[in-house]
1. For the range 179-206, enumerate the residues that are part of a helix (DSSP H, G or I) and closer than 21 Å to Val91 by Cα.
2. Could you go through the range 350-361 and let me know if any residue there is out of contact with any Cys (no Cβ under 7 Å at 6 or more places or on another chain), modelled with pLDDT of 85 or more and within 30 Å of Leu5 (Cα to Cα).
3. Would you tally the residues in the range 106-159 being surrounded by fewer than 18 Cβ atoms within 10 Å (Cβ to Cβ), of a type in the set (A, V, I, L, M) and modelled with pLDDT of 95 or more?
4. Against the definition (in contact with a Cys (Cβ under 9 Å, 6 or more places away or on another chain) and over 30 Å from Ile327 (Cβ atoms)), how does Phe153 come out, yes or no?
5. Against the conditions (1) at pLDDT 95 or above; (2) out of contact with any His (no Cβ under 8 Å at 6 or more places or on another chain); (3) surrounded by fewer than 22 Cβ atoms within 10 Å (Cβ to Cβ); (4) hydroxyl-bearing (Ser, Thr, Tyr), where does Ser162 fall short? Just the number, please.
6. Name every residue in the range 521-533 that is open to solvent by 20 Å² or more (accessible area, probe 1.4 Å) and in contact (Cβ under 8 Å) with a residue 24 or more places away in the chain, in order of residue number.
7. So, in the range 414-436, how many residues would count as being under 23 Å from the mean Cα position of the chain (by Cα) and surrounded by 16 or more Cβ atoms within 10 Å (Cβ to Cβ)?
8. Every residue in the range 7-26 that is part of a loop (DSSP other than H, G, I, E, B) and farther than 20 Å from Lys97 by Cα, please.
Amino acid sequence: MTKKLPIGIENFETMRKEGFYYIDKTGLIRDLLKNWAQVNLFTRPRRFGKSLNMNMLKYFFEYGCDSSLFDGLAIGEEKGLCQEYMGKFPVISISLKDADAMNYEGAREMLCSIIGCEALRFSFLSESEQLSELEKSQYKQLVQVDTSGAQHFIMSDGVLGSSLFTLTQLLRKHYGQKVILLIDEYDVPLDKAQHFGYYDEMVAMIRKMFSHSLKTNDNLLFAVLTGCLRIAKESIFTGLNNLKVLTITDVRFDEYFGLLDWEVQEMLRFYGLEDKYELIKEWYDGYRFGNSDVYCPWDVINYVDLLRADPSASPKAYWINSSGNDIIRRFLKMAKGGVRREIEKLIEGGTVVKKLNEELTYRDMYNSIDNLWSVLFTTGYLTKCGEEEGDRAYGLTIPNLEIRQIFIEQVMEWIQEEVRKDTPKLDEFCDAFLKGETETIEALFTAFLKKTISIRDTSVRKEKKENFYHGVLLGLLSHREEWDIRSNAESGDRFSDILIEIEDDEIGIVIEVKYPDKSSLETGCREALEQIEKKGYEERLLEDGMTAILKYGIACERKRCMVRSCCQSLSQ
């Protein structure tokens, strides 16, 4: 029986028992046990397997472990470690990824729910003979529920702030064994708090929860935290001297998050898709964690699943649907001339060298464009290229075609937002198409392009380059809401780039855009007009009753353009 692909599966037991395809990352357990600090923080971008790895740790260490889950895996070969550590500890495991809300009260309620639900797993503590009555009452404070109808957990600030410490203390006393604490997506509450304006309150609460449970906690064997960003020590890890931070630049544990090349090849062989290797590599590889080149597992698994149903399916940008792109939008809005040229260089496949700050706070992220380079790196939009170039400076590049597509789409949206701010110029631009004023169109389109970010990606087909200018032009012309504008509309023999109908004036406009790779702009315009005539693109306009047809050939290269036209009037 062919194994199912684990799309969205973050439960290790489900993965192993329900016949899902699993890529063995249990070596993480071995390396962690051989080289751990009391508090270990792994920072990786979203969708690189952090949550599944954390769940794997829980199933390995927690009392009642089902050892068969690890049969045939790398950690199973470590007989001594398994005998000493497998199923021998109380484990507290929480994820803060759902602790987001539009206000602090809502986010705090979610934190209470996360802690309360985890505490309920240890309901035996309320009757434990190893605990005093006072300690049992402490436990009951963690699971107290509002019975008035809301049914949410009730905790005072003091109880919530010390909740993780309290739970480690009670479990340690009940079992007579130190506790392992796992906190997944630790930084999500801070991200949401910064976005919605309650950052100070959330920082204070998270700092209190972490300092109580992670700092000088004799009940703790060790803790593992994961997140997207490393938050500066002075923000929430104040005074925490037992913290080991393992970022994407660290060579330790570099192979356990994301998929290695041989792991991808093995998966493709298993599903009989070896011929898709180069395509998958081009789209989803390119990340550099420590000394390992890795693929985004979310993308690979989703695309392989699609290919099993449709072997001819093209790659898709899966990551964009699972990770917000507000960071790129802010980055583009802050970018000035020099930075815009650097963005152009990145989109073309080039590299920029930047000094990285891996100890940002969410408060400081958007204070300067320099910080945003660091954020783009740590969140997976950029990756390092080559070795460190001194004092935390790295060559940065866009990792693959998927992320490049995200950049291009965000650039397009940003361009349209920018140009729409200049209504008089847009009116003049649109009117020039009605009047056949090619020089005005050419001058204004060139001016718009000079203000924006151009895309001249030498690694993509000519059609893709034309699509960029097509998109910019379409965005500009859509300023006229009363115009009926169709993109890639079927007309005549094939599809025209842009067709416009102005019904009141019975005027139709046909536009064909060219990117003349090796010829002149003049030649590009001529080829565009010849294509309009040869393919009969005006036929649909004529069928809809347009009595005058304006035809434009537009050739573009970088931030230059040329416009040529011809007119067809049926009344003459």
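1. Ile206
2. no
3. Count: 3.
4. So Phe153 passes the test.
5. The one condition Ser162 does not meet is (2).
6. Listed by number, the residues that qualify are Glu522, Thr523, Arg526, Glu527, Leu529.
7. Count: 3.
8. Glu18, Gly19, Tyr21, Tyr22, Ile23, Asp24, Lys25, Thr26
The values are calculated or read from the model by the stated rules, or taken from the named source; none is laboratory data. Note that the coordinates shown come from a computational prediction; the quantities given were computed from them, not determined experimentally. Note that we place each Cβ from the backbone using ideal geometry, even for glycine, and neighbour counts take in every protein chain shown. For accessibility, only protein heavy atoms count, side chains too; no ligands or nucleic acids. Shrake-Rupley method; radii C 1.70, N 1.55, O 1.52, S 1.80 Å.
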